[in-house]
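As structure tokens, the structure follows; a few thoughts come after it.
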Number of protein chains: 2
Amino acid sequence: MQSRIEQICSEKGLRMTDQRRTIAQVLSDSMDHPDVDLLYQRAITLDPNISIATVYRTVRLFEEANILEKHDFGDGRARYEEASNNHHDHLINIKNGEVIEFYNDEIERMKIKIAKELGYDLVDHRLELYATPTSVKEPSGDDGEIQ
Amino acid sequence: MQSRIEQICSEKGLRMTDQRRTIAQVLSDSMDHPDVDLLYQRAITLDPNISIATVYRTVRLFEEANILEKHDFGDGRARYEEASNNHHDHLINIKNGEVIEFYNDEIERMKIKIAKELGYDLVDHRLELYATPTSVKEPSGDDGEIQ
DNA sequence: TTATGTGCAAAGAGTTTGCCAGCTA
DNA sequence: TAGCTGGCAAACTCTTTGCACATAA
């Protein structure tokens, strides 16, 4: 059966190969924000012959076709997620690298407004919050916080 | 005479060498957000024997001492600016790479609030607006826009 | 059939590091 | 002088690319 992303590829008229189908599958199944190496690790469980160069090429192809969004969370490698119509920003849990998506309408409006006030038209933007989980404070001494 | 950043180094008790003094000078004089190579180019006009490895090491030292802030504007290399107490965000003119600093109190409050609502304490954040200059629309044809 | 895609290894860009001479405190 | 620092080149990480072979349409 066609994966969600493979369907989008068909609609966009991309030539489909076994490798692209595999990578589309992996991406469709990924609920996180994997980097290229992680995609590659997942892909070779489905097709051990796939090469990391192909993952790089495919991920770029998909990004240029607006199927994927590329992110950079400051760790020196690109992360990918399926492009969606509903824009969102990211909060990165710096304790474990987990990425939480959020959307705030007021912030979105502010971004456009600020650019306009500076004499610019907003083309793209990036808001990332780096944060630690709030520890639950116990009224008496030890708050049970792990580490 | 001591450059502004060299003074901060002294206050922090960093061992000062000619190379570090030169780089501190270059940084103190830089009003933009230079990358390592640009700092290196500026440094070798003051001391032709300085090596780029030293620039990398010094910039990291200064960053760890909270003398510099490191940024990543998505072009694959780190950019630096003197750390300041007044936080600001950046708008990047994608036509020419120019970086404009701005501060918006409401946005700052929103960042903290959003993190809190998700159950996190904000540690750091990054907001970048990528934008093009608003072209002045002339009612009749040519609007005089350059390029 | 023919333009395109893939695998492999080499090349690139940015950054870090091992080693030893040189300098700071 | 004792230990930190700098220069140089090699190494590292992530990513791209040239080439010959394979494949989708």
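The values are calculated or read from the model by the stated rules, or taken from the named source; none is laboratory data. The shown structure was predicted, so the numbers you read here are calculated from the model rather than taken from an experiment. Cβ sites come from the backbone with ideal geometry, for glycine too, and all protein chains shown count toward neighbours.
Taking into account only those residues within region B:45-78 that are touching a helix residue (DSSP H, G or I) at 6+ places or on another chain (Cβ under 9 Å) and within 14 Å of chain A (Cβ to nearest Cβ), which is farthest from DNA strand C (Cβ to nearest atom)?
B:Glu69
Taking the conditions exactly as written (touching a Lys or Arg at 6+ places or on another chain (Cβ under 7 Å), within 29 Å of A:Lys113 (Cα to Cα) and free of Cβ contacts under 8 Å to residues at least 40 places away in the same chain), does B:Leu122 satisfy them or not?
Answer is yes for this residue.
Taking region B:79-96 as the region of interest, how many residues are within 9 Å of another protein chain (Cβ to nearest Cβ) and surrounded by fewer than 19 Cβ atoms within 10 Å (Cβ to Cβ)?
Looking only at that region, the number is 2.
Any idea which residue in region A:49-68 is farthest from DNA strand D (Cβ to nearest atom), counting only those that are small (Gly, Ala, Ser) and farther than 17 Å from A:Ser3 by Cα?
Out of the qualifying residues, it is A:Ser51.
With the condition kept exactly as written, say whether any residue in region A:13-22 is touching a strand residue (DSSP E or B) at 6+ places or on another chain (Cβ under 9 Å), within 12 Å of DNA strand D (Cβ to nearest atom) and touching a residue at least 24 places away in the same chain (Cβ under 8 Å).
No, that holds for no residue.
Taking interchain pairs and intrachain pairs at least six residues apart, which have beta carbon atoms under 7 angstrom, with the first residue in region B:97-110 and facing chain A (nearest Cβ under 7 Å) and within 18 Å of A:Ile112 (Cβ to Cβ) and the second assigned to a loop (DSSP other than H, G, I, E, B) and modelled with pLDDT of 90 or more?
Between residues of region B:97-110 that are facing chain A (nearest Cβ under 7 Å) and within 18 Å of A:Ile112 (Cβ to Cβ) and residues that are assigned to a loop (DSSP other than H, G, I, E, B) and modelled with pLDDT of 90 or more, the close pairs are B:Ile100/A:Leu118; B:Phe102/A:Leu118; B:Phe102/B:His88; B:Met110/A:Asn104.
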